[in-house]
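> Below you'll find the structure I mean.
The values are calculated or read from the model by the stated rules, or taken from the named source; none is laboratory data. Small disclaimer: the values here were computed from a predicted structure and weren't measured. Here the Cβ positions follow ideal geometry from the backbone for every residue, glycine too, while neighbour counts run over all protein chains shown. Ligands, DNA and RNA are stripped out before the accessible areas are found, and what is left, the full protein with its side chains, is counted by its heavy atoms. Shrake-Rupley method; radii C 1.70, N 1.55, O 1.52, S 1.80 Å.
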Amino acid sequence: MSGGRRIRVAIAGAGGIARICHMPALRAERARTEVVAAMDVDAPRVAAFCAEHDIPAAYTDLDRMLEEARPDLVHICTPPFAHAAQAVACLRAGAWVLCEKPPCLSLAEYDEITAAEGPDGPYAAIVYQHRFGSGARRLAGLVDAGALGRPLVAQCVTAWYRDHDYFDVPWRGRWDTEGGGPTLGHGVHQMDLMLEVLGDWAEIRAMAGRLDRRVETEDVSAAMVRFASGAMATVLNSVLSPREESYLRFDFTDATVELRHLYGYGDGDWVYTPAPHVPAETAAAWTAPGAEVPSSHLAQLSALLDCYERGERPPTSGPGGRRTLEFVTGLYKSAFTARPVTRDELTPDDPFYHRLHGDVPGWAPSAAEAVP
């Protein structure tokens, strides 16, 4: 699609995630990309960002940037409450989108983004970078081939730590600006990778709490999940855990596969343990050496650029990105209603489709409950 020229890229949001994660990835892909503009509502910040990264044009208005810079691809690195409207604006201007997680504040907003895509693009992809490391791709291939047997049991743990000061940022900890707590904003990476391995979920039973942080949203959630395959999983999302860890465990009939890391993994972070009946030579083939690709924004960006050049839908766009938000929605609904939730009930006539707190008293913000 780029016709042999470099893909014109713009950045929306000149904060830490753009500086730490997106710009290094774009520099590594400079043979295929050219960053032509950046936008932020804070004029001094975007000016400093452009000076630091040698970006020729700085803007404080997204529509003006889209009209004048004409990017092919926009990286959306703004706070969550801005994602949906900005993604729709970019798509309508003909630009592809790579949007930071969480993609938006509800399934309703996600479906608005998808509705703005064209049948052959542009597309809006969500940053779920853990899918794109070689370790995850190896496991997905083995599962698809049936090499590990049937999936039976899984554990999905995001035990992170965010202190009280973290939530002093005005948009954090609020439903209307951050969209949710660790279920939406932190554990989403591990849950996305769990879904990539195990497929569609069928039923979820969950709990959530505000145990220590002064927030509108939850600061911890836990769930039990049944998948369409019959496999079962436990899920924990926390920002209260001083010893931080991201942990995934998958038990198949022929193997246990474990991943321990924090914010990104390499091949060495994966451990395969064969069942007693599995021959050693069979198990050795599961981890035969190959080209290592750590999970990272670069790994996902490279895959996205491949899709752009081929004119193909990226795997974390459309249905491939919606499934994870749908799972998050189901977890919140089960936790806040204290009952099991099935995937097929999250329809447009459900309040949780429109707002992740579902207007449930005690969780939905009100004048009396809102955080100042």
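> Taking only protein heavy atoms into account and a 1.4 Å probe, give the accessible area per residue of segment 98-186 in Å².
About 35 Å² of surface per residue is accessible.
> Can you give the FRET efficiency for R5 and A48, using 1/(1 + (r/R0)^6), R0 = 25 Å, r = Cβ-Cβ distance, to the nearest 0.05?
Efficiency computed from Cβ-Cβ geometry: 0.30.
> Let's test the formula: R0 of 51 Å, r as the Cβ-Cβ distance of T253 and D349. What FRET efficiency results, to the nearest 0.05?
Using R0 = 51 Å, I get an efficiency of 0.80.
> Taking K and R as +1 and D and E as -1, what net charge do the other residues with C-beta under 14 Å from the C-beta of C21 add up to?
Local charge sum for C21: +1.
> Top mean-square fluctuation among V278, V239, V153, Gaussian network model of the chain, C-alpha springs under 10 Å?
With Cα springs under 10 Å in the chain, the top fluctuation among V278, V239, V153 is at V278.
> Determine the gain in length on full extension of the stretch D168-R243; use 0.36 nm per residue of separation and subtract their C-alpha separation, reporting nm with one decimal.
Length difference between fully extended and current span is 24.8 nm.
> Continuing with the same structure: What percentage of the solvent-accessible surface of segment 92-145, computed with a 1.4 Å probe over protein heavy atoms, is contributed by carbon and sulfur atoms?
46
> Here's something else I'd like to know. For the chain, build the charge dipole from Cβ charges (+1 Lys, Arg; -1 Asp, Glu) around the Cα centre, then report which of L107, G268, Y128 sits farthest towards its positive end.
After comparing all options, I get G268.
> Place the peptides 253-259, 286-292, 82-88 in order of packing, highest mean first, counting for every residue the other Cβ atoms within 10 Å and averaging per peptide.
Put in order of decreasing packing, that is 82-88, 253-259, 286-292.
> Quick one: putting +1 on the C-beta of Lys and Arg, -1 on the C-beta of Asp and Glu, what dipole do you get for the chain around its Cα centre, in Debye to the nearest 20?
380
> With a sphere of radius 12 Å drawn around the Cβ of A291, what net charge do the other residues whose Cβ falls strictly inside it have (Lys, Arg +1; Asp, Glu -1)?
So the environment of A291 carries a net charge of 0.
> In percent, how large is the relative contact order of the chain, given Cα pairs closer than 8 Å and 6 or more residues apart?
18
> While we're on this one: Which one, A85, C50, G181, is farthest towards the positive end of the dipole of segment 48-186 when Lys and Arg carry +1 and Asp and Glu -1 on their Cβ?
Positive-most Cα among the choices belongs to G181.
> Taking 8 Å as the Cα distance limit and 6 or more residues as the minimum spacing, I'd like the relative contact order of segment 307-372 as a percentage.
21
> Next question. Between E203 and M232, how many nm apart are label points set 7 Å from Cα along the C-beta direction?
Spacing of the two 7 Å Cα→Cβ label points: 1.0 nm.
> As an exercise, find the ratio Rg/Rh for the chain from alpha-carbon atoms, using the Kirkwood inverse-distance average for Rh.
0.97
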